[in-house]
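Asker: Quick one: this structure, given as structure tokens, is what I'll be asking you about.
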Amino acid sequence: MFNNDDILAALNNVAGPDGKTPLPQSGAISGVSIREGKVFLSISVTPEQAPHCEPMRLAAEEALKALPGAKGALAVLTSERAPQSAPQAAPQNAPRGGHGHAPRGASQGSGVEGIKKIVAVASGKGGVGKSTTSANLAIGLARLGLKVGLLDADLFGPSQPRLFGLSGRPDLAEGGALVPMEKFGVKVMSIGFLVPDDAAIVWRGPMVMSALTQLLRDVSWGELDVLVVDMPPGTGDTQLTMAQNVGLAGAVIVSTPQDLALIDARRGIAMFNQVHVPIIGLFENMSYFLCPHCGGRTEIFAHGGARAEAEKMDVPFLGDAPLDAMVRETSDAGLPVVAKDPESPQAKPYLALAEKVRDALNQAPAKKAPKIAVE
Ligand SMILES: Nc1ncnc2c1ncn2[C@@H]1O[C@H](COP(=O)(O)OP(=O)(O)O)[C@@H](O)[C@H]1O
Ligand SMILES: [Mg+2]
């Protein structure tokens, strides 16, 4: 079996981020761990270096895989967290880098082997319940009998490990692909499985691209009917990378009913329109308050804002879920409400959302002649 010294010796032949200094001496190695014969390596680079670092990352991975007795290797690029979170591009910048790059439409399949449809769950702003909705939607789709994956694309603040109560590192399959973790019938992959909780990482531009590509394509998803993607908030690099590099079958926009959130939701819808990703619809989360004591409903905000907004924007309205302590508690406990108590009134809106998403995907033009479902 090899040890740390063998790892550093193997990496000696790989040039670090400056293109000259061997990686072990470059100071860029921010973490090495060995688990069951598999090597995980994180390399810290600056945003300026990042565009040139993909060959280095690959070379490091190859060098580690070649260690006698190594069962696999995974190298990821990380960067120190900047004082502010990474800038989110404004929607008018949406086609940045995308000129002449025709986005794939819903009709073209996902472009990722084995995955039939990819659905993005997005919002204009953070904290509206996108991750909660993604988790419950994915579990709901699995309950409908679909083969479901969930990609946590929020590289800045991954939530799915907590929501699913999953921790530890994913296994590496033959050939080095990451094996997604599986729970509640959903295959989950998150950057949170690859880097420690407190690892300072901010991925930008090309790094976002490289990390997302790894999380999406270097994963043994197997056959999936649908991959749900939990997006970071806003209209930044991740959204554009996804929209431009894979075929998104559609986007679900999550919003709370307040005007401010709705303005951001509108921005999100505009961005997806701009890159020709069909909007499956708008879902209103934390819509009204469900009293845990009397079961009564209180409209805290101007409830119905999202429905009105959906009508105005001419996109389907996908329902509303209450602001409810049980939703938050179950999420924090790693047991989302649809998994914990699918019969509860709190789970119903998310299950209904899953049915609507499934129906929308069935309607989206497929490569083959569409099946006509008789209900
Ligand atoms: N319907 C809901 N009722 C109560 N709390 C919720 C609800 N949806 C989300 N939350 C809570 O709000 C916070 C933000 O939700 P999260 O899903 O992480 O949002 P986002 O991914 O949009 O940032 C979390 O603490 C979550 O548990
Ligand atoms: Mg989130």
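Asker: Can you work out the accessible area per residue across the chain, with the rest of the protein chains kept in place, probe 1.4 Å, in square angstrom? Don't skip to the end; give the middle numbers.
Answerer: Details: 16370 Å² over 375 residues.
Heavy-atom SASA per residue in the chain reads 44 Å².
Asker: Please build a GNM for the chain, connecting alpha carbons under 10 Å apart, and tell me which residue among V315, V179, V228 fluctuates the most.
Answerer: Ranking V315, V179, V228 by mean-square fluctuation puts V315 first.
Asker: I'd like to compare 330-341, 287-298, 126-137, 180-191: which one has the highest average count of other Cβ atoms within 10 Å, and what's the full order after that?
Answerer: Highest to lowest by the protection proxy: 126-137, 180-191, 330-341, 287-298.
Asker: Here are some pairs, K125/K147; K147/K183; K38/K117; K130/K312; K183/K340; which of them have Cα atoms lying more than 20 Å apart in this structure?
Answerer: Details: K125/K147 29 Å; K147/K183 12 Å; K38/K117 31 Å; K130/K312 22 Å; K183/K340 12 Å.
Cα-Cα > 20 Å for K125/K147; K38/K117; K130/K312; rest within.
Asker: Quick one: if the Förster radius is 22 Å, what FRET efficiency do N362 and A270 give, using the C-beta to C-beta distance and rounding to 0.05? Walk me through the numbers on the way to the answer.
Answerer: Working: r = 26 Å, r/R0 = 1.19.
Efficiency computed from Cβ-Cβ geometry: 0.25.
Asker: Give the angle, between 0 and 90 degrees and rounded to the nearest 10, that separates the Cα long axis of helix 130-143 from the longest principal axis of the Cα atoms of the chain.
Answerer: So the helix axis and the longest Cα principal axis differ by about 80 degrees.
Asker: Now for a different question. On a 0 to 90 degree scale, rounded to 10, what angle separates helix 54-65 from the longest Cα axis of the chain?
Answerer: Around 70 degrees separate the two axes.
Asker: Another question, then. Run a plain Debye calculation on region 4-78 (Cα atoms as equal point scatterers, no solvent) and give log10 I(q)/I(0) at q = 0.14 Å⁻¹, rounded to two decimals, same order as the q list.
Answerer: Here log10 of I(q) over I(0) equals -0.36.
Asker: Can you tell me which of 139-145, 236-242, 216-222 comes out highest on packing, and rank the rest after it, using the mean Cβ neighbours within 10 Å? Mind dumping the intermediate values first?
Answerer: On the way: 139-145: 21.9, 236-242: 24.6, 216-222: 18.3.
Answer by packing, highest mean first, reads 236-242, 139-145, 216-222.
Asker: Under 10 Å, Cα contacts only: if you run a Gaussian network model on the chain, which one of V226, V121, V32 comes out with the highest mean-square fluctuation?
Answerer: V32
Asker: Mind checking which aspartates and glutamates have their C-alpha under 14 Å from K65, skipping anything on the same chain fewer than 8 residues away?
Answerer: Straight-distance partners of K65: D6, E36, E174.
Asker: Follow-up question, since we're still on this one. Roughly what percent of Cα-Cα pairs across the chain reach past 39 Å?
Answerer: Numbers: 12229 of 70125 pairs.
Result for the distance tail: 17 percent.
Asker: Under a crude label model (7 Å from the Cα following the beta-carbon direction), how far is R169 from K348 in nanometres?
Answerer: Going from the R169 label point to the K348 one covers 4.6 nm.
The values are calculated or read from the model by the stated rules, or taken from the named source; none is laboratory data. In this text, all values refer to a predicted model and were calculated from it rather than measured experimentally. FYI the Cβ positions are ideal-geometry reconstructions off the backbone, even for glycines, and counts take in every protein chain you see. Only protein heavy atoms, including side chains, enter the accessible area calculation; ligands, DNA and RNA are left aside. Shrake-Rupley method; radii C 1.70, N 1.55, O 1.52, S 1.80 Å.
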